[in-house]
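The values are calculated or read from the model by the stated rules, or taken from the named source; none is laboratory data. Note that this is a predicted model, so its numbers are computed, not measured. All Cβ positions, glycine included, derive from the backbone under ideal geometry; neighbour counts span all protein chains shown. SASA here: full protein model, heavy atoms, side chains in, ligands and nucleic acids out. Shrake-Rupley method; radii C 1.70, N 1.55, O 1.52, S 1.80 Å.
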Amino acid sequence: MKQLFIRIITAFKNRIHSKQGKNIVLFLSCLLISYVFWILLNLNNEVQQEFVVPIELVNKPDSITLIDELPSNILITVKDKGSNLIKHQWSSGSNLKLKFNDHIANVDKFYLSKSDIETKMRSRFGSNAQIISLSPDSIRSTYTAKPGKKVKIEINGKTSANYQYVIGDIITSIDSAEVFSIAEIPQSLKIETNPFRWEELKDSITFTAKLKPIKGYKIIPAEIKITIPVEPLISKKKMVVISNINTPSGYNLITFPSTSEIDYLVPMSKYSEKDTIVKVIADFKQSRNTDKLPLNIVNAPSYWQNISITPDSVEFIIEQRQ
């Protein structure tokens, strides 16, 4: 490999030092010089170019909250000599600083007109620069000095777990957002996330959900973190003595068998928890015109899934008490 590399370098040097190679080098040198002269000549011509100017709001009191977001930058198209514009292109360019108190139009209003922005841009690019276009061509926002109000965040989403998995209680980074407005904030105001959907989940996930904006209101923060906990379901069994209800006074209800097995699924995190008092009930009122009584489960925890009883009905006899 090294020998091949040396041969290539040697061949390249020989080609450069040949008559043909010298002519190619001379041609490329002349082409480069011509290009440099072309650039120098065009620097005195008028050209049109776009610039992105970042915006920075300064001197805003901490007690003031802007209801409408200001644009982060202004896109400006300028026409001027190339030599002037290239200086702006190569320089880092500072932010356009807007002093809050200088642009209060009236109570609750912050405003810069097109002429205001053009004046600031001319001082930035020079009086000879011609402003062709501005985007946006004006800046406006409402603001308030009123304190915010805490409003509970509602989760607007649909989730589902894969087979034999279960979704636990959804966790949010915060449960309430602070809302600001010029007007009074009604008690009925509802703050919710933008709709989301997660289906057939097998693992827990955490994601960012934006809060749905409401015209005329400022919501802080604008987004929250949501965690959807997902865990597998574990099979579990339990033998339970069958109880009976509604047996006539003075009689006993005897079932065959006397116990029943409950099969169910529980989240892994609750597998070792002590079960609540779960009952399997045989109701004497259901004994009419049948030789078997159906069994029913009561007091089963809400997190039990896919519950089944074996057997699901039993034979019985009624005997009078001695």
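Annotations
- Leading residue by the ranking (modelled with the highest pLDDT) among those in segment 76-87 that are surrounded by fewer than 16 Cβ atoms within 10 Å (Cβ to Cβ) and of a type in the set (D, E, K, R): 79
- Of all residues making up segment 260-283, the number that are open to solvent by 50 Å² or more (accessible area, probe 1.4 Å) and of a type outside the set (D, E, K, R): 6
- One residue from 237, 279, 285 being modelled with pLDDT of 90 or more, more than 42 Å from the chain's Cα centre (by Cα) and either under 26 Å from residue 165 (Cα atoms) or not β-branched (Val, Ile, Thr) (or both): 279
- Residue that is nearest to residue 249 (Cα to Cα) [pool: residues in segment 284-319 that are exposed (fewer than 12 other Cβ atoms within 10 Å of the Cβ) and without any contact (Cβ under 8 Å) to a residue 24 or more places away in the chain]: 288
- Residues of segment 41-75 classified as in a strand (DSSP E or B), out of contact with any Pro (no Cβ under 8 Å at 6 or more places or on another chain), over 13 Å from residue 140 (Cα atoms) and modelled with pLDDT of 90 or more, total: 5
- If only residues of segment 169-219 that are assigned to a loop (DSSP other than H, G, I, E, B), without any contact (Cβ under 8 Å) to a residue 24 or more places away in the chain and not basic (Lys, Arg) are counted, the one that is nearest to residue 152 (Cα to Cα) is 175.
- Within segment 144-164, considering residues that are in contact with a Lys or Arg (Cβ under 7 Å, 6 or more places away or on another chain) and either closer than 18 Å to residue 210 by Cβ or modelled with pLDDT of 95 or more (or both), the one surrounded by the most Cβ atoms within 10 Å (Cβ to Cβ): 157
- Screening residue 141 with (1) under 27 Å from the mean Cα position of the chain (by Cα); (2) open to solvent by 30 Å² or more (accessible area, probe 1.4 Å) gives one miss only, at (2).
- Flag if residue 233 is in contact with a Pro (Cβ under 7 Å, 6 or more places away or on another chain) and either open to solvent by less than 50 Å² (accessible area, probe 1.4 Å) or in contact (Cβ under 8 Å) with a residue 40 or more places away in the chain (or both): yes
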